[in-house]
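Chemist: I'd like to ask you about the structure that follows.
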Amino acid sequence: MPRKGYAMNEITRRDPVFGPMERLFGGMLREPIFTELATIDEGSLALDVADDGENIVVKASLPGYKREDVALEVNDGVLTISAKKDETREESSERFYRRERRSGSVSRRIALPTAVEQDDADAELIDGVLTLKLPKAASVRPRRIEIK
């Protein structure tokens, strides 16, 4: 006879070996952080995204890249940053010859947290740090309401 307040269909079978692990990982995967990972976030470039009230500010580390090596694009609320460099250096002497070729690329696609005015964006690359300021769209900026 079931206890008061419990129905027979609420009885679950527990596996003594894997049961604790199932409860641990099952609960962890239901956490909000794991359910929100479905947003666009692709690539290998480390970056910071912040909101200063008027702008979405994106900072990315691009050491060794020049301004002409970097491409930025905003399309349908998705920011794409890509950078590619190709560097060749040769050294030779009487007994020694060496050629070093370094190339590399990084990229990142990330969904922006709000609508932005991409035509008014400002970007600068100083000392290997790309700083991109994307003004928020007027429709999503906070507005002060005066009390009458």
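The values are calculated or read from the model by the stated rules, or taken from the named source; none is laboratory data. Since the structure is predicted, the reported quantities are computational estimates derived from the model, not experimental observations. Cβ atoms come from the backbone with ideal geometry, glycine included; neighbour counts cover every protein chain shown.
Chemist: Of all residues in the stretch 101-123, which are without any contact (Cβ under 8 Å) to a residue 24 or more places away in the chain, assigned to a strand (DSSP E or B) and within 14 Å of V57 (Cβ to Cβ)?
Modeler: Residue satisfying the conditions is D122 alone.
Chemist: If you go through the stretch 106-148, how many residues are under 18 Å from K66 (Cβ atoms), surrounded by fewer than 17 Cβ atoms within 10 Å (Cβ to Cβ) and within 18 Å of the chain's Cα centre (by Cα)?
Modeler: Residues that pass the stated criteria total 4.
Chemist: Could you tell me which numbered condition L72 fails, if it satisfies all but one of (1) modelled with pLDDT under 90; (2) within 16 Å of the chain's Cα centre (by Cα)?
Modeler: It is condition (1) that L72 fails.
Chemist: Same structure, new question: Would you call T131 β-branched (V, I, T) and modelled with pLDDT of 95 or more?
Modeler: Details: β-branched (V, I, T): yes; modelled with pLDDT of 95 or more: yes.
Yes: the conditions hold for T131.
Chemist: Being hydrophobic (A, V, I, L, M, F, W, C) and at pLDDT 90 or above is the requirement here; does L37 meet it?
Modeler: Against the criterion (hydrophobic (A, V, I, L, M, F, W, C) and at pLDDT 90 or above), L37 does not qualify.
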